[in-house]
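Here the structure comes first, spelled out in structure tokens, and everything after it is commentary.
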Amino acid sequence: MSIYLPIAELPVNLFLILGLGIAVGFISGMFGVGGGFLMTPFLILVGIPPAIAVASVPSHMAAASLSGAISYWRKRLVDIGLGLVLLSGGILGTAFGVWFVAVLLRAGQFDLVVGLSYVILLGIVGGIMLAESIRAMVRAHHGAPPIVRRPGTHAWFHGLPVKLRFRQSRIYVSAIPVTLIGFGIGFFGAIMGVGGGFLLSPALIYLMRVPTTVSVATSLFLTLCTMLIATVLHAVENHTVDIMLALVLMVGGVIGAQFGARAGQAIRAEQLRLLLGLLVVGVAIRVAVDLVARPAELFTVVATELLK
Amino acid sequence: MNFRGIGGIVWSALVLGAGFLMVAPAAAERLVTSVSTHRVLITSNFTGTDLVLFGSIEDDEARSSKSSGYDIVVTVRGPSRTFIARRKDRVLGLWVNMDSRRFIEVPSYLAVLSSRPAADLGSPELLRRLRIGLVNHTLPQQIGPDFADVVAQDPFRTAFLRVKEDEGLFHEEPQGVTFLTPTLFRTTVPMPGSAPTGTYEIETLLISTGKLIARETTAIEVVKTGFEAVVAREAREHGFAYGLATALLALATGFLATFMFRRD
């Protein structure tokens, strides 16, 4: 059964898109990530123009992350103060990213920059996850106690001014690096069509020394906010949000996320991280192959109205 | 039926009239064509459609000896758009868009259907002048400050045609027009689901012994209707409200799922 997408101006198979929404929703529920890094490349693969995919996926991620965000909110795990400082940077970063997408589309280098961002960011984050989870599993196998990382070590940015105390996260840091992290997440989120949860929670855990549960809760909450903002900004700036595509994806996404969350609870944390690491590295390799292998068709044709 | 329908008929009649004026003195033959629909409506389950065109060659003097030598070329041109064609080249091991050309105001949809392969219909000059066949269609490119078409073998030009044919938006059928009787013909024009919206010009040429005998043009419209039309208009004209609506839809879907699947 086909459904016509009014903004993309082409028909797509309803069950393919719904299935994609469910599958990515399952993964995002299981690992607590937005899943945009899987969804956007897949949509482009099935023929949705990149500009429309990047603009329509954020609303799916907002819908899929809402359940988790509500549940963390009820458990009072979201650090609102930290979230707001990150968000202030995130809004700026998203706005800058949305504008940068338009510039890249006009220059014809959008695909290249998105591809390179995927390979570099996913490669690094996935690699770290893999290495870290394998170490944890080996340690568990030998019966050694898990390493409890604890503050005390001071990084260079602890000397910066405008220091704020975030009680929930039990940290006392300058607002400058926090805002910068938010800016980076918003920026790459907008151009890669991802929520940035897979970047933000490691950044909060390893750089800012925020407790794991608080960092996951806060990053999910932040994903929800930035994805809602990205949807509005893409609609205003680029007119490329396809509400039909978004609706089908989000309906699939929220269903998949519920089942994914249950599946995730049945697996040990380091195994979960290993699986996520494999998935992230897999996507990075797939995108890298596309950049390096000779494409079947060297030419692409795009209508200028899609570039504004 | 409605105002647009009447407008369409009046407009077609004017075009028809103009066609008569152009060719009437040249030959006795006239062309009469009819399309299965003048409005292709895009609804939520639109996946493309086939447009059927019937035509008749009206010959006042009934010269039966000539009737076997008729050839028909039907060209359907979608609304003009400007396209950028880009070529990837290898840079530092990566395939990167390097060179690009701008095709100015060229048809976004182009179908050429003829009763015989275009090359057999007449001289290359005739084919070029009448824009018969994809190869002979004018595809002006922006070259510096000037607009000009280039040689048929130009790599960007051939690539543009190839990409558009792969997308199903450019289409050529050398035997796509069938004669039911020596003077009655029909053809089927495939319109893919990704057919752009706008006005499509349908030009029918009657060619005999290497000369243009008669020409007839009509037009159809491809329009989004109902929900699809509203969505497209809102997205274009009220970006902020549209974005807000999409964001609220996401929140509503998420809330609904949270309460439906709630276990506590």
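Inside segment B:220-230, residues that are at the interface with chain A (Cβ under 7 Å from one of its Cβ atoms) and either surrounded by fewer than 18 Cβ atoms within 10 Å (Cβ to Cβ) or modelled with pLDDT of 90 or more (or both) make up a count of 0.
Yes or no, residue by residue, for (1) closer than 19 Å to A:Phe42 by Cα; (2) within 11 Å of chain B (Cβ to nearest Cβ); (3) in a loop (DSSP other than H, G, I, E, B):
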position: A:Phe259; (1), (2), (3): no, yes, no
position: A:Gly264; (1), (2), (3): no, no, no
position: A:Ile267; (1), (2), (3): no, no, yes
position: A:Gln271; (1), (2), (3): no, no, no
position: A:Leu276; (1), (2), (3): yes, no, no
position: A:Val283; (1), (2), (3): yes, no, no
position: A:Asp290; (1), (2), (3): yes, yes, no
position: A:Pro295; (1), (2), (3): yes, yes, yes
position: A:Val301; (1), (2), (3): no, yes, no
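The numbered conditions (1) away from every other protein chain (no Cβ under 14 Å); (2) at pLDDT 90 or above are all true for B:Met191 except (1). In segment B:91-121, of all residues being surrounded by fewer than 20 Cβ atoms within 10 Å (Cβ to Cβ) and out of contact with any helix residue (DSSP H, G or I) (no Cβ under 9 Å at 6 or more places or on another chain), the one that is farthest from B:Asp166 (Cα to Cα) corresponds to B:Leu92. Considering segment A:19-48, the residues that are crowded, with 20+ Cβ neighbours inside 10 Å and within 17 Å of B:Ser194 (Cβ to Cβ) include one that is farthest from the other protein chains (Cβ to nearest Cβ), namely A:Leu43.
Only a single criterion out of (1) at pLDDT below 90; (2) assigned to a helix (DSSP H, G or I) is not satisfied by A:Arg76, namely (2).
One residue stands out in segment A:1-18 among those that are modelled with pLDDT under 90 and surrounded by fewer than 19 Cβ atoms within 10 Å (Cβ to Cβ): the one that is farthest from the other protein chains (Cβ to nearest Cβ), namely A:Met1.
Scanning segment B:211-264 for residues that are within 27 Å of B:Thr47 (Cα to Cα) and touching a strand residue (DSSP E or B) at 6+ places or on another chain (Cβ under 6 Å) returns B:Thr217, B:Thr218, B:Ala219, B:Ile220, B:Glu221, B:Val222, B:Lys224, B:Thr225, B:Glu228, B:Ala232.
Pairing residues of segment A:207-220 that are touching a residue at least 60 places away in the same chain (Cβ under 8 Å) with residues that are surrounded by 18 or more Cβ atoms within 10 Å (Cβ to Cβ) and acidic (Asp, Glu), at Cβ distances under 9 Å and at least 6 apart in sequence or on separate chains, gives A:Val210/A:Asp79; A:Val214/A:Asp79; A:Ala217/A:Asp79; A:Thr218/A:Asp79.
The values are calculated or read from the model by the stated rules, or taken from the named source; none is laboratory data. Note that the coordinates shown come from a computational prediction; the quantities given were computed from them, not determined experimentally. Counting neighbours? That spans all protein chains shown, and the Cβs are built from the backbone with ideal geometry, glycine included.
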